[in-house]
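Below is one structure; the comments refer to it alone.
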Amino acid sequence: PFLILSRCFSSLVPAQPVPPLAQTLQGYLRALEPLIPEEELVHTRKNIQKFCGEGGLGPQLQEGLERRARHSNNWISDWWVQWAYLESRQPLPVHSNPAISLPKRDFSDWRGQLVFASKLIAAALDFKNVVDNGRLPVEYMRGQPLCMELFPLLFSSCRIPGRKHDTITHHSRARHITVVRNYQFFQMDVYNSDGSRMTESQIHAQLLRIRAESWKTDKEPMGILTSEHRQTWGQAYSRLLKDKLNKESVRAIEKGLFTLCLDSPVMRVSDDKYSSRMAAQILHGGGTHSNSGNRWFDKTLQFVVGEDGSWGLLYEQATAEGPPITGEGLIYFCCITCKNSHKKPDPKKTPLIPLQMPKKLYFNIDREIKRDIEHAKQNLDILINDLDIRCFNFQRFGKELPKQHNLSPNAFIQVALQLAYYKVHNEVCASCDIASQRMFRGGRTDYIRSPTNQMLKFVLTFDDPSISREAKLELLREAIETYVTLTDQALKGQSIDRHLLGLKLQAIEEGLSVPRLFMDTAYGLATHWKLRTGQVPANTDSVMCFGPLVPDGYAVCYNPQSDHVHFSVTAFNCCEETQAETLAATLHSTLCQLQELLQPTV
């Protein structure tokens, strides 16, 4: 059924085009202009001329990509997944897996936690049923249908660690989920013998049994192992699976439809810090003395429900990036379903079918595995302590304000981000905004490069009192219009970064030396993403959070609603120059200043 569904979804959208070589190289040079001095640009221009001129590798590699495009579902997606995710050796928490924190629910104890978790499980299973039966409406962007083939792969998927690279596994006949509480994993069937989904009351009854069986915290948090550096975890994984019992338990987790993490209470914080604490809790579990042992970071979908009403989703991106999960996908479906389900599960309405006790998953832990767990605990706590998170809800205005002035809300926020970064660091930097490529068959993502000559010009003149308001408004419009043009190009498959990556990987594929274009200082600087950004166009008041791409960088996620905008800002404490709190405060004041520019007070 997965293949049939995927083919059905894929047939509606065109293949992703390979952009013209000259167009990409010209775009690359324009992207470099705000970032590097003229003398370095001269050197890069010479490299580009050699690359695309007579005897250069450019035309040969371009021809190879066009040939690849004719004979594959998508010419870049498989390479992108392999290069960006499966070959990356960094830990999944913070560095890769995004977290989505959702509005606090109205419960504050374990009873409310289990009632809500029952509704959430039922909603997720209903969404899976919609997908499996081909009843998921095709999504559209700007009137164009979007590729839907990733939806069936969200469930029963898992990333498998390897010493050199990871792999992804998909299972099509799973009937269970995994529930983890107090570091203990349980295999819980969610379908009756006739194939029907268990009722909320049945699910609730099973969760009560799991709670009774896991009242004491397990001494060895096996899930912590999945937080390790990928090569280290790959080696430990091989050792772990030599034991038959361990292999059965790991396979049960990997094959499960998804994982539910029932988190224990955490220390209360003030209201202004709650959203930051909640995002951190979903992202990494809060540390090895908190709930980090309640995670299996390799799993594609992990729902997290706390006892204090906090909840969210942690997901692994190799299977799918955000759009099938956010937007009008899984999260929105679950929110609407849970909102419409007000009644508590009624034990009297539970079908009189004896339910099999959820199976606790046991592990044989020898000295080597115990040592692996201890090392993983130390490394994860170091990573968590290094991460600086600041979430805030900007309430002065939302996306309606720029719309009233015929400005793109996303481009407006990107200008604010560039201006805020400049105010803090007195420079612009390599910055990327994530653009979906789902308008193409098998499409994943590309980057929109935020710094442009027009953006730089506006940033440099913004605080200059000698420049009139009218002139600044004109520069703002030019910066926004340029960004909108780049966005339009990206949505037509004409952005530069995946194409440049494809040219580089094509050279490696053909056994050629990597072209000098990719070895010079300019390319290194242009791909050292100090500002990683992402819009979450969600219909819910959700906050997405992930870590920076580089040690001296930031990650900023934002969810614009009509009259407010949710932001999350992260940075690493190990870098003295970057502080999430400082950038967040500067971004807040910068947005207020831009509002003043658009709507001056008399």
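The values are calculated or read from the model by the stated rules, or taken from the named source; none is laboratory data. Note that the coordinates shown come from a computational prediction; the quantities given were computed from them, not determined experimentally. For neighbour counting, all protein chains shown are included, and Cβ atoms are generated from backbone atoms with ideal geometry for every residue, glycine included. We work out accessible area using only protein heavy atoms, side chains counted, and drop any ligands, DNA or RNA first. Shrake-Rupley method; radii C 1.70, N 1.55, O 1.52, S 1.80 Å.
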Check your understanding: Can you tell me which of Pro37, Pro91 is crowded, with 16+ Cβ neighbours inside 10 Å and farther than 19 Å from Lys504 by Cβ?
Key -> Pro91
Check your understanding: Give me the pairs: first residue in segment 383-404 and farther than 19 Å from Tyr554 by Cβ, second residue among the hydroxyl-bearing types (Ser, Thr, Tyr) and loosely packed, with under 13 Cβ neighbours inside 10 Å, beta-carbon distance under 6 Å, and six or more apart or on different chains, which are they?
Key -> Gly398/Ser562; Glu400/Ser562
Exercise for review: Of all residues in segment 536-588, count the ones that are outside any helix (DSSP H, G or I), crowded, with 20+ Cβ neighbours inside 10 Å and touching a strand residue (DSSP E or B) at 6+ places or on another chain (Cβ under 6 Å).
Suggested key: 23
Review point. Is it true that some residue in segment 266-284 is more than 23 Å from the chain's Cα centre (by Cα), closer than 17 Å to Tyr362 by Cα and among the hydroxyl-bearing types (Ser, Thr, Tyr)?
Key: no
Point to revise | Flag if Val543 is touching a helix residue (DSSP H, G or I) at 6+ places or on another chain (Cβ under 6 Å), modelled with pLDDT under 95 and under 17 Å from Asp388 (Cβ atoms) | key: yes
Point to revise | Residue that is under 30 Å from Asp272 (Cβ atoms), open to solvent by 10 Å² or more (accessible area, probe 1.4 Å) and not hydroxyl-bearing (Ser, Thr, Tyr), where the choices are Lys104, Lys46 | key: Lys104
Revision key, fill the gap. Counting only residues that are modelled with pLDDT of 95 or more and farther than 24 Å from Thr445 by Cα, segment 311-337 contains a total of 1
Review point. Has segment 430-448 got at least one residue that is closer than 30 Å to Tyr85 by Cβ, open to solvent by less than 10 Å² (accessible area, probe 1.4 Å), in a strand (DSSP E or B) and polar (S, T, N, Q)?
Key: yes
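Filtering segment 267-285 down to residues that are open to solvent by 40 Å² or more (accessible area, probe 1.4 Å) and either at pLDDT 95 or above or not hydroxyl-bearing (Ser, Thr, Tyr) (or both), which residue is nearest to Tyr183 (Cα to Cα)?
Met267
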**Study point:** Breaking point among (1) under 26 Å from the mean Cα position of the chain (by Cα); (2) of a type outside the set (A, V, I, L, M, F, W, C); (3) surrounded by 21 or more Cβ atoms within 10 Å (Cβ to Cβ), for Gln506
**Key:** (1)
Practice item. Select from segment 117-163 the residues that are open to solvent by less than 10 Å² (accessible area, probe 1.4 Å) and in a helix (DSSP H, G or I) and list them in ascending order. Key: Ala117, Ser118, Leu120, Ile121, Ala122, Ala123, Ala124, Leu125, Phe127, Val131, Phe151, Pro152
Practice item. May I ask you to verify whether Ala555 is under 22 Å from Ile282 (Cα atoms), touching a Ser or Thr at 6+ places or on another chain (Cβ under 6 Å) and free of Cβ contacts under 8 Å to residues at least 60 places away in the same chain? Key: yes
Check your understanding: Conditions: (1) part of a helix (DSSP H, G or I); (2) β-branched (Val, Ile, Thr); (3) open to solvent by 10 Å² or more (accessible area, probe 1.4 Å). Ile480 meets all but one. Number of the miss?
Key -> (3)
Check your understanding: From the list Arg89, Arg67, Arg105, which one is touching a helix residue (DSSP H, G or I) at 6+ places or on another chain (Cβ under 7 Å), farther than 30 Å from Asn559 by Cβ and not aromatic (Phe, Trp, Tyr)?
Key -> Arg89
Review point. Could you count how many residues in segment 338-361 are open to solvent by 70 Å² or more (accessible area, probe 1.4 Å) and at pLDDT 85 or above?
Key: 3
Review point. Which condition number in (1) open to solvent by less than 60 Å² (accessible area, probe 1.4 Å); (2) touching a residue at least 24 places away in the same chain (Cβ under 8 Å) is the one that Val250 fails?
Key: (2)
**Study point:** Of all residues making up segment 464-477, the number that are in contact (Cβ under 8 Å) with a residue 24 or more places away in the chain and either assigned to a loop (DSSP other than H, G, I, E, B) or within 32 Å of the chain's Cα centre (by Cα) (or both)
**Key:** 2
Review point. Regarding Ile369, is this residue among the aliphatic types (A, V, I, L, M) and free of Cβ contacts under 8 Å to residues at least 60 places away in the same chain?
Key: no
Review point. Restricting segment 420-429 to residues that are within 20 Å of Arg477 (Cα to Cα) and either in a loop (DSSP other than H, G, I, E, B) or hydrophobic (A, V, I, L, M, F, W, C) (or both), which is least open to solvent (accessible area, probe 1.4 Å)?
Key: Ala420
Point to revise | Every residue from segment 155-174 that is within 19 Å of Ala122 (Cα to Cα) and at pLDDT below 95 | key: Ser172, Arg173, Ala174
Review point. What pairs come up if the first residue lies in segment 121-142 and is free of Cβ contacts under 8 Å to residues at least 24 places away in the same chain, the second is open to solvent by less than 60 Å² (accessible area, probe 1.4 Å), and their beta carbons are under 8 Å apart, counting only those six or more places apart or on different chains?
Key: Leu136/Val130; Leu136/Met148; Leu136/Phe151; Tyr140/Leu146
Exercise for review: Answer yes if at least one residue in segment 296-319 is of a type in the set (D, E, K, R) and more than 30 Å from Leu136 (Cα to Cα), and no otherwise.
Suggested key: yes
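When you go through Leu525, Leu517 one by one, which is the residue that is more than 23 Å from Gln281 (Cα to Cα), among the aliphatic types (A, V, I, L, M) and open to solvent by 50 Å² or more (accessible area, probe 1.4 Å)?
Of the residues listed, the single one that is more than 23 Å from Gln281 (Cα to Cα), among the aliphatic types (A, V, I, L, M) and open to solvent by 50 Å² or more (accessible area, probe 1.4 Å) is Leu525.
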Practice item. Would you tally the residues in segment 212-234 being more than 22 Å from His165 (Cβ to Cβ), open to solvent by 10 Å² or more (accessible area, probe 1.4 Å) and either modelled with pLDDT of 95 or more or not hydrophobic (A, V, I, L, M, F, W, C) (or both)? Key: 7
Check your understanding: In the list Leu380, Leu417, which residue meets the criterion of being buried (at least 21 other Cβ atoms within 10 Å of the Cβ), in contact with a strand residue (DSSP E or B) (Cβ under 9 Å, 6 or more places away or on another chain) and of a type outside the set (Ser, Thr, Tyr)?
Key -> Leu417
Study note, to complete from the structure: Filtering segment 449-459 down to residues that are in contact (Cβ under 8 Å) with a residue 24 or more places away in the chain and open to solvent by 50 Å² or more (accessible area, probe 1.4 Å) yields Asn453, Gln454
Revision key, fill the gap. Of Val138, Val130, the only residue that is at pLDDT 95 or above and not hydroxyl-bearing (Ser, Thr, Tyr) is Val130
